[in-house]
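The values are calculated or read from the model by the stated rules, or taken from the named source; none is laboratory data. Remember, it's a predicted structure, so these values are computed and weren't measured experimentally. A quick note on method: Cβ atoms are made from the backbone with ideal geometry, for glycine too, and the neighbour counts reach across all protein chains shown.
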Amino acid sequence: MDTNAVLPSVGQTWLADLGPDTPLGHFTVEITFETEARVSFVVTGGAIKGRHETMDYTATKVRDGLYVVRWTEPAAGDHVTHIEDYDRGACMASSVIGGEFVQLHGSWTRVR
């Protein structure tokens with residue numbers, strides 16, 4: 001595994017649609033990979049719609065098209081691990097939000 005991987009999505013924005021049956025309602029989030037180390041997001045649907053942050057991230061390449069991406073959100077202190085499958089258009093998010101473990105999965109599509 002490449003623990004210092006460069007994501008194929010650097011310079012792009014992707015939509016994670018994590019479905020209607022989450023603790024946050026129909027949770028959707030646009031994630032922009034600004035550089036090889038900086039990411040920002042804006043929540044576009046669900047209970048925390050409008051929330052946005054920018055932070056550093058790390059990425060590990062599991063195989064071609066499949067990456068594990070990790071960050072800690074500075075304002076909330078939430079820890080997020082994404083499994084992003086660029087080949088199958090799927091993602092899974094495992095997060096500790098306010099001390100509660102949440103695991104979500106859904107579609108992963110390029111927005112711009």
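Structure notes:
- Residues in the stretch 68-112 that are in contact (Cβ under 8 Å) with a residue 24 or more places away in the chain, under 17 Å from residue 17 (Cα atoms), buried (at least 17 other Cβ atoms within 10 Å of the Cβ) and not charged (D, E, K, R): 69, 82, 86, 91, 93, 102, 104, 106, 108.
- Among the residues of the stretch 1-18, those that are surrounded by 14 or more Cβ atoms within 10 Å (Cβ to Cβ) and either under 18 Å from residue 96 (Cα atoms) or modelled with pLDDT of 95 or more (or both) comprise 6, 7, 8, 9, 10, 12, 13, 14, 15, 16, 17, 18.
- Complete set of residues in the stretch 40-67 that are over 19 Å from residue 24 (Cβ atoms), free of Cβ contacts under 8 Å to residues at least 40 places away in the same chain and surrounded by 18 or more Cβ atoms within 10 Å (Cβ to Cβ): 57
- Residue count for the stretch 38-48, restricted to those that are out of contact with any Leu (no Cβ under 8 Å at 6 or more places or on another chain) and farther than 15 Å from residue 80 by Cα: 1.
- Qualifying positions in the stretch 1-52 - in a loop (DSSP other than H, G, I, E, B), of a type in the set (Ser, Thr, Tyr) and within 21 Å of residue 88 (Cβ to Cβ): 9, 22
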